[in-house]
Amino acid sequence: FEPISVGIAIGAASALTGYLSYTDLYCRFAECCREEQPLNASALKQELEEKLFGQHLATEVILKALTGFKNNKNPKKPLTLSLHGWAGTGKNFVSQIVAENLHRKGLKSNFVHLFVSTLHFPHEQQIKLYQDQLQSWIRGNVSACASSLFIFDEMDKLHPGIIDAIKPFLDYYEQIDGVSYRKAIFIFLSNAGGDLITKTALDFWQAGRKREDIQLKDLEPVLSVGVFNNKHSGLWHSGLIDRNLIDYFIPFLPLEYRHVKMCVRAEMKARGSAVDEDIVTSVADEMTFFPKDEKIYSDKGCKTVQSRLDFH
Ligand SMILES: Nc1ncnc2c1ncn2[C@@H]1O[C@H](COP(=O)(O)OP(=O)(O)OP(=O)(O)O)[C@@H](O)[C@H]1O
């Protein structure tokens, strides 16, 4: 052994471990962007299965999409998910779960960005300004953290021109002005297509078939065409669909009476109270259901459950 090189090796190793543990320590307190951090797929699966009620398709597709994407060291484009369904069926709720599983601080993370159409892009006359702002915001954030997550809520209220502004970022480019967008994730939420999803669910119900038997192939084609042709989908003729830039259309089924009850129970548990079945039933009974004759699906999904529970 040559004492000098051994010394250098030890010095280098200890400097490296010192550096690593310092980084680990630092990231434990401050938030770090860890691009290569693998997704804990079993934790995500468990969370979705436990917390998301009545959405077997969304659970399956989201898991598949995220694990596939995060396991791919060299994705060719960013992951784009388009979540569709009736109000209060869990689209925002799922986005929050996904955000928490990607970045520890979830929606509060510096690497997770939520845009709400009516809040962030309210004026049609300002589209040019919004386009510029959005482009530079996305560019800046992806430069800072390649695995940034962007969530666009109320896509059906978004002017199609705005989505055009981010189209280049969603495409198969290796880099744009020195920035690679390939590790970013974009989630779009909208009510567009909710009527088509409900119709399919109702057809199954009327045919005496189980809700859980509805498969993606029963819905995905209807949805992509329906959303494409819907002027108010936010994706209308935006080029995202015909250029195949949306990786997954994810349907959220309308929620039934039993799911509303599950939401009430979950909310009671979250508040630390014991589950009282009488209250569960009376909250669920207060909700309104459609269609007029069958009364199967909750008008507002689980949306007003929390506020209704306050009255009991
Ligand atoms: N499928 C579900 N499973 C469990 N909880 C749900 C589900 N759907 C809704 N909830 C509950 O209802 C609340 C409201 O739902 P959420 O905001 O996710 O609806 P949404 O689909 O995004 O509706 P909108 O289209 O009106 O924005 C959630 O915070 C959650 O507590």
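Every number in this text was worked out from the coordinates using simple rules, so none of it is lab data. Remember, predicted model here, so these are calculated numbers, not experimental data. Here the Cβ is made from the backbone with ideal geometry for all residues, glycine too, and neighbour counts use every protein chain on show.
Worth pointing out:
- Projecting the Cα atoms of TRP86, GLN135, ALA146 onto the dipole axis of the chain, where Lys and Arg carry +1 and Asp and Glu carry -1 at the beta carbon, places ALA146 farthest toward the positive end.
- Selection from SER307, GLN175, LEU158, by position along the positive dipole direction of the chain (Cβ): GLN175
- Taking label points 7 Å from Cα along the Cα-to-Cβ direction, THR118 and ASP285 give a separation of 3.2 nm.
- The C-alpha atoms of the chain define a longest principal axis, and helix 56-71 lies at about 10 degrees to it.
- Lys/Arg +1, Asp/Glu -1 at C-beta; the chain dipole; positive extreme among ILE97, PRO38, LEU216: PRO38
- DSSP beta bridges in the chain [antiparallel fraction, %, rounded to 5]: 15
- Backbone N atoms of the stretch 258-278 closer than 19 Å to the 7 Å Cα→Cβ label point of HIS56 belong to residues 258-263.
- Between LYS105 and GLN126, residue separation times 0.36 nm minus the direct Cα-Cα distance comes to 4.4 nm.
- The stretch 16-157: C-alpha gyration tensor shape, a/c 1.5 cut-off, then a/b vs b/c: oblate
- Separation of the ASP177 and TYR22 label points, Cα + 7 Å toward Cβ, nm: 3.4
- Dipole in debye (nearest 20) - the chain, about Cα centre, beta carbon charges: Lys, Arg +1; Asp, Glu -1: 300
- Projected label distance in nm at ALA274 and GLU31, using a 7 Å step from Cα toward the beta-carbon: 4.0
- Taking the C-alpha atoms only, the angle from helix 3-29 to the longest principal axis of the chain is near 30 degrees.
- Ordered by the count of other Cβ atoms within 10 Å of each Cβ, fewest first, TRP205, TRP86 give TRP205, TRP86.
- Helix 91-102 axis, angle to the chain major axis (alpha carbon atoms, nearest 10°): 20
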